[in-house]
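Just below is one structure, and these are the notes that go with it.
The values are calculated or read from the model by the stated rules, or taken from the named source; none is laboratory data. It should be emphasised that the depicted structure is a prediction, and the values quoted were computed from it without experimental measurement. Note that we place each Cβ from the backbone using ideal geometry, even for glycine, and neighbour counts take in every protein chain shown. The area values use the complete protein model at the heavy-atom level, side chains included, leaving out ligands, DNA and RNA. Shrake-Rupley method; radii C 1.70, N 1.55, O 1.52, S 1.80 Å.
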Amino acid sequence: MGKVYLTGAGPGDIDLLTVKALRVVREADVIIYDRLANPDILAEAKDGCEFVYVGKEDSHHILPQEEINEVIYRSALKYENVVRLKGGDPFVFGRGGEEGIYLRERGIAFEFIPGITSAIAVPEYAGIPVTHRGITVSFRVVTGHESSNKDHSQIPWENYKSDDTIIFLMGLHRLKKIANKLMEIGKPKDCPVAVISRGTRPDERTVVGTLKDIYEKAKDLPTPALIVVGEVVTLREQLSWFEK
Ligand code: SAH
C-alpha cells in the first residue's frame, strides 16, 4: 500500500511551488491533478509516471468529490507514491480535509504539503497587500460560491461591515450579487474593489473599481479570478509590479 501526498501546487506561477512539493512530484508514480494546478509541473515527473486529470476547465465539469476520493484511494492500493496535486493550498477551499478523512477511514497513510494560496499570493502579484499598517488589521477569505440552497446563505454578511480586507474566491459569476449585498449591509458605494484574473500567470489581468461599478468593468474577465474588497486595493497604485 502506498502513501498519498496531498500537495498544494501554488497559485499558477510554477516557481511558486514549494521545494517539498517539487520533491514529491519528482518521485511520484501517479499524479492526480485538477484544473487549477499548473500542468507544466507535470513535466517534472519521472518517466513512466501516470497522470490522472480530474477536472475540466471549459465545461466546469469536475468529477464529483466522492469519485475523486475513490481515484486517490485506488491509486494508493496500486502505487507507492501518490501525489494529489491541488491548486493553491489544499486546505483553502481545496477539500483536502475531505480527501484526508476518506483515506484515514481506509487505512491509507498520507501527508499534507501546504501550498501558496491564491488568496494571498494573487493580490500580492497585483500589488495589493491583504493587510497594511494604518489601513486594515485583518483579512477574511470567503467563498463566493454559496451552497446551492440560496435562501440560506452561509455567509454571515452582517460581520462584513468592518474594514477587514475581504477576499472572495470562486465569486466571479456572483460578482454583482456580492457587490450589491455589501452595499446593502452598509459598505460605501465607493469602497475599492479589485478583480484579479489568472493571477501569477503571464496573462494576469487586474481590474479596479468600486462596489458600484466593478460588475460592469470586470464581468467578462476570464477565470480563475478572485475579488478583493477594501481600502488596501488603492495601494496598487504604488505597489503594482507584475503586470507592468
Ligand atoms: N485551494 C486554492 C483555492 C481553491 S478555490 C488556493 O488555495 O488558492 C478556487 C478559486 O481560487 C478560484 O475560483 C479563484 O477564485 C481562486 N484562484 C485560484 N487560482 C487563481 C489564480 N491564479 N488567479 C485568480 N484566482 C485564483
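Numbers at a glance
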{"quantity": "Test: residue in region 167-186 that is open to solvent by less than 10 Å² (accessible area, probe 1.4 Å) and within 21 Å of S240 (Cα to Cα)", "calculated": "yes"}
{"quantity": "Subset of region 1-38 [at pLDDT below 95, in contact with a strand residue (DSSP E or B) (Cβ under 7 Å, 6 or more places away or on another chain) and over 16 Å from I113 (Cβ atoms)]", "calculated": "R35"}
{"quantity": "Matching residues, region 85-127, being part of a loop (DSSP other than H, G, I, E, B) and near the ligand (Cβ under 6 Å from one of its atoms)", "calculated": "G87, D89, V92, F93, G94, T117"}
{"quantity": "So I31, is it in contact (Cβ under 8 Å) with a residue 24 or more places away in the chain, farther than 21 Å from E124 by Cβ and part of a strand (DSSP E or B)", "calculated": "yes"}
{"quantity": "In region 189-219, the residues that are within 15 Å of the ligand (Cβ to nearest atom) and surrounded by fewer than 16 Cβ atoms within 10 Å (Cβ to Cβ)", "calculated": "P202, D203, K219"}
{"quantity": "Residue ID - nearest to D89 (Cα to Cα), chosen from residues in region 39-63 that are modelled with pLDDT of 85 or more, of a type outside the set (A, V, I, L, M) and within 18 Å of the chain's Cα centre (by Cα)", "calculated": "P39"}
{"quantity": "Residue match in region 6-17 (condition: outside the structural domain of I196 (by TED's automatic domain parsing), more than 16 Å from the ligand (Cβ to nearest atom) and touching a helix residue (DSSP H, G or I) at 6+ places or on another chain (Cβ under 9 Å))", "calculated": "no"}
{"quantity": "Single match in R74, R95 (criterion: among the basic types (K, R), under 18 Å from M170 (Cα atoms) and open to solvent by 60 Å² or more (accessible area, probe 1.4 Å))", "calculated": "R95"}
{"quantity": "Top-ranked residue in region 98-110 [being among the aliphatic types (A, V, I, L, M) and touching a residue at least 40 places away in the same chain (Cβ under 8 Å); ranked as surrounded by the most Cβ atoms within 10 Å (Cβ to Cβ)]", "calculated": "L103"}
{"quantity": "Single condition A43 does not satisfy, out of (1) part of a helix (DSSP H, G or I); (2) in contact with a Cys (Cβ under 9 Å, 6 or more places away or on another chain)", "calculated": "(2)"}
{"quantity": "Residue satisfying condition, being small (G, A, S), under 20 Å from M170 (Cβ atoms), in contact with a strand residue (DSSP E or B) (Cβ under 9 Å, 6 or more places away or on another chain) and surrounded by 14 or more Cβ atoms within 10 Å (Cβ to Cβ), within set G88, G127", "calculated": "G88"}
{"quantity": "Failed item in (1) within 30 Å of R35 (Cα to Cα); (2) in contact with a Lys or Arg (Cβ under 8 Å, 6 or more places away or on another chain); (3) not in a loop (DSSP other than H, G, I, E, B), with E216 passing the rest", "calculated": "(2)"}
{"quantity": "Residue, farthest from the ligand (Cβ to nearest atom), within region 163-186, restricted to residues that are touching a Leu at 6+ places or on another chain (Cβ under 6 Å) and assigned to a helix (DSSP H, G or I)", "calculated": "M183"}
{"quantity": "Verdict on I113 being surrounded by 18 or more Cβ atoms within 10 Å (Cβ to Cβ) and more than 30 Å from V233 (Cβ to Cβ)", "calculated": "yes"}
